[in-house]
Amino acid sequence: MRRLLALLSLAVAAGCAPRTPAFPAPIPAVRGEPRVPFALRLLDVQAGTGEPAAPRRCLYAHYTGWLTDGTKFDSSRDPAADGTPRAPIAFAQGARAVIAGWDAGFEGMRVGGRRRLIIPYQLAYGELGRPPVIPPRATLVFDVELVGVADTLPRPAQEGPPRTRADLLPRCRPWAEVQGSAGR
């Protein structure tokens, strides 16, 4: 009976031991429990049925962004200063043209989908924020709707090396040109 209890205790202890993923050689094994220091959280509000978001494709999205105290800091759904409707934001997914939480947060969405993104400061505007609108270390909450997906535009020929980071980013056509044909 003692042996059985000892073996059972050993089995339980082994099952509770911290585990790290096993990697193939030449990656050396280490002991311990991996930690997740920060994580993007998302909630699908409505599944889309249109074209899927894909890396390096232009995504067109409406959004509203809040701080966690409930302060709305921006929305593409609010009219422009002159009262005209605002177009959805356009960005090439994965090209680092938007905050990292957006690049990751749209993965797996389809046109027509709506999602809430809860983005930690490490995947948003970082330690410093974007004063005066986004305070330092701010977690951001976005409600997003993917309204279109389209191919990026070919990069125009340019003389000499790129002058700015924007010269290297994939470009998207204006919403007015793709509206109605962007992945529905």
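All of the numbers you see were taken from the coordinates with simple rules; none came from a lab. Keep in mind that what you see is a predicted model, and the values were worked out from it rather than measured. Positions of Cβ are backbone-derived with ideal geometry, glycine not excepted, and every protein chain shown enters the neighbour counts.
About the Cα centre of region 91-141, what is the dipole size in debye to 20, counting +1 per Lys and Arg Cβ and -1 per Asp and Glu Cβ, all else neutral?
With only Lys, Arg, Asp and Glu charged at Cβ, the dipole is about 200 debye.
So, in nm, how far is label Arg96 from label Arg31 when the simple model puts each one 7 Å beyond its Cα toward the Cβ?
Here the answer is 3.8 nm between the modelled labels.
Under a plain spin-label model, where a point goes 7 Å from the Cα along Cα-to-Cβ, how far apart in nm are Gln46 and Asp69?
Going from the Gln46 label point to the Asp69 one covers 3.2 nm.
Does a label point 7 Å from the Cα of Val141, set along Cα-to-beta-carbon, have any residues of region 64-106 with amide nitrogen under 12 Å, and which are they?
Label zone hits: 65-73.
Need one number: the % of Cα-Cα pairs in region 47-94 sitting beyond the 13 Å mark.
It works out to 67 percent of all Cα pairs.
Would you work out which of Pro136, Ile89, Pro55 lies farthest towards the positive end of the dipole of region 43-140, given +1 charges on the beta-carbon of Lys and Arg and -1 on that of Asp and Glu, about the Cα centre?
Pro55
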